[in-house]
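Rule-based calculations on the coordinates, nothing more; no lab input. Just so it is clear, the model here is predicted, and its values are computed rather than measured. Glycine also receives a Cβ, built like all others from the backbone with ideal geometry; neighbour counts cover every protein chain displayed.
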C-alpha cells in the first residue's frame, strides 16, 4: 500500500511533507508524491519543469528522512481533482494527503475547490493540511 500526496507550489508544502513523512513511518508505507498539470495548450514547458523540480525536492526530503518515496508528474488532460482521485484508485492508495487553503464563499461557488472535490469523490480517506 502507498499514500498519495498531492503537492503544489504553495506555503503548505512543507507542512504536507512533514505530515506525510510521519504518517508513512507510522503505517510503514511508501509515499507517492503527485503534481497534476492539465497538459496540451494549457500547460507550458516551464510549468512542467517547475513541477519536476518540486517533485524531485519533496521526494529527496522524504528519502532523507528514511521514507520510501516516488514522484509522479501527472499531465493527462484532466483537472487536478480528477487526476488525484483517479491516480489514488489506480495505485490502490490507503490514504490521500492534500493541502487546503481558505477561500471566500464566492470563490468556492465560482471556482469550486480541488480539496472539496477530492474529499467528495475519493474512495480513500483524505487528510487535508492547511
### Query
Taking a point 7 angstrom from the Cα of residue 73 along the C-beta vector, which residues in the stretch 1-26 have backbone N less than 18 Å away?
5-10
### Summary
Read-out percent of Cα pairs over 24 Å apart, candidates (i) 24; (ii) 38; (iii) 32; calculated match is (i)
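Taking 0.36 nm per residue of separation and subtracting the Cα-Cα distance, what length does fully extending residue 130 through residue 8 add?
Numbers: separation 122, 0.36 × 122 = 43.92 nm, distance 1.28 nm.
Gain on extension, residue 130 to residue 8, equals 42.6 nm.
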### Task
Return the whole-Å distance between the Cα centroid of the stretch 1-15 and the Cα centroid of the stretch 114-130.
13 Å
#### Entry: Gained length - residue 22 relative to residue 100, 0.36 nm times residue gap less alpha-carbon distance
26.2 nm
### Message
With a cut-off of 8 Å between alpha carbons and a minimum separation of six or more residues, what is the relative contact order of the stretch 2-129 in percent?
### Response
32 percent
### Query
Considering only DSSP beta bridges whose two residues both sit in the chain, what percent are antiparallel, to the nearest 5?
0 percent
